[in-house]
1. For L89, state whether it is assigned to a strand (DSSP E or B) and either under 24 Å from D242 (Cα atoms) or out of contact with any strand residue (DSSP E or B) (no Cβ under 9 Å at 6 or more places or on another chain) (or both).
2. I want to confirm something. Restricting to region 9-36 and keeping residues that are surrounded by fewer than 19 Cβ atoms within 10 Å (Cβ to Cβ) and in a strand (DSSP E or B), which single residue is modelled with the highest pLDDT?
3. Between residues in region 286-313 that are farther than 19 Å from F224 by Cβ and at pLDDT below 95 and residues that are among the aromatic types (F, W, Y) and open to solvent by 10 Å² or more (accessible area, probe 1.4 Å), which pairs lie under 6 Å by C-beta distance while being six or more apart or on different chains?
4. Filter region 83-113 down to the residues that are surrounded by fewer than 24 Cβ atoms within 10 Å (Cβ to Cβ), aliphatic (A, V, I, L, M) and under 24 Å from S25 (Cβ atoms) and list them by number.
5. Give the residues of region 199-208 that are in a helix (DSSP H, G or I) and surrounded by fewer than 13 Cβ atoms within 10 Å (Cβ to Cβ), sorted by residue number.
6. When region 303-325 is examined, which residues are found to be out of contact with any Gly (no Cβ under 8 Å at 6 or more places or on another chain), assigned to a helix (DSSP H, G or I) and closer than 21 Å to A293 by Cα?
7. Exactly one condition in (1) over 19 Å from A155 (Cβ atoms); (2) in a loop (DSSP other than H, G, I, E, B); (3) open to solvent by 10 Å² or more (accessible area, probe 1.4 Å) is false for P237; which is it?
8. Please enumerate the residues belonging to region 115-147 that are at pLDDT below 95, part of a strand (DSSP E or B), open to solvent by 30 Å² or more (accessible area, probe 1.4 Å) and not β-branched (V, I, T).
Amino acid sequence: MEISKLGEFGLIKRLTKDIAIKNESTVYGVGDDCAVMHYPDKEVLMTTDMLMEGIHFDLTYMDLEHLGYKSAMVNLSDIFAMNGTPRQLVVSLAVDKRFKVEDVEAFYRGLRAACDKWNVDIVGGDTTSSYTGLAISITCIGDASKDEIIYRNGAKETDIICVSGDLGASYMGLQLLEREKSVYYGQINDFNKKLKEAKIADDKNKVAALEAKRKEVFDFQPDFSGKEYLLQRQIQPEARGDINQKLKEAGIRPTSMMDISDGLSSELLHICSQSHCGCRIYEKNLPIDYQTAVMAEELNMNVTTCALNGGEDYELVFTVPIGDHEKLEGIEGIRQIGYITKENLGAMLITRDDKEFELKAQGWNPLFDQKD
């Protein structure tokens, strides 16, 4: 169905008609000029993200349902990175004439699946038209007790540096998708070139033979067997709210924390800058999945560089007092990768052969769509 036939309010009503409120802090959600929220005893956390087609996502290989899921998760991740609980989500979309009502419904299915996983209420937003592709703006609101919020500026000398999960898989998934996209369009361009040449030469037999192969060329499907984990990490990331719960149950309160959206090296440098400290991390301790290592070798890329700078892992990097070392040992899914030092010692990577290299921010730069 054409979106214009429903209109803005008709579309919003259709997308949000059966949303049930899950949080006491949500007094009133979708349906009026504003959502109404009430936080009597908590600090309010708020984060927002803009996602632009062609810069943050590519609809060649990202379907709208997965895009909705990922769009929500990257915002929930920011709340978890402050040791908070996400409560409400506001989503605004700008769509062009390519998109039907069913497309936007698919986006909302993914969005709601992510929100349902963490009991988050969708409380409003906006829709408008676009001449430059799909644009997504999401704001997430959460809460935390004042003494439970974890900032980037609390790391102290001798603190242990930890990360959850593994690193670099999302970036490898992106490289895999981009490679197959290049192959796909290369085949199409080659087909179109041959077809054009055959038509110019008035070679009817060759034209007929090429036309018979058109569907095969245009319906090309790459073989991703053995690389499913990499694709999942890129297309369907998971915000790590479970890590906060594990730390709490173990009696550990991190001194600083960030989510790894722009790359581990970039996030660590943010922590060091704001905490006025240095760090040492060990290459041998970086958690890297087997599929990530195999894909990096296949693409002739350095897997450590991918783990440090790839970005979009949405794992948590955090520091804890050295006295919590034994408590950390019993928590599955957390790896100790180094420690905090004095500021004048800088931020360094210790390689497998015990050489030191300065950490540099080579992760995602949202202002220039490139590595720093």
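1. So L89 fits the description; yes.
2. In this case the residue turns out to be V36.
3. Correct list of pairs: G311/W364.
4. V90, A113
5. Selection gives I200, K204, N205, A208.
6. Across region 303-325, the qualifying residues are T304, T305.
7. P237 satisfies all of (1) over 19 Å from A155 (Cβ atoms); (2) in a loop (DSSP other than H, G, I, E, B); (3) open to solvent by 10 Å² or more (accessible area, probe 1.4 Å) except (3).
8. G125, D126, S129 - these are the residues of region 115-147 that are at pLDDT below 95, part of a strand (DSSP E or B), open to solvent by 30 Å² or more (accessible area, probe 1.4 Å) and not β-branched (V, I, T).
The values are calculated or read from the model by the stated rules, or taken from the named source; none is laboratory data. A quick note: this is a predicted structure, and the numbers were derived from the prediction, not measured. Because the Cβ atoms are built from the backbone with ideal geometry, glycine has one as well, and the counts that use them run over all protein chains shown. These area figures cover heavy atoms from the full protein model, side chains too; ligands, DNA and RNA do not enter into them. Shrake-Rupley method; radii C 1.70, N 1.55, O 1.52, S 1.80 Å.
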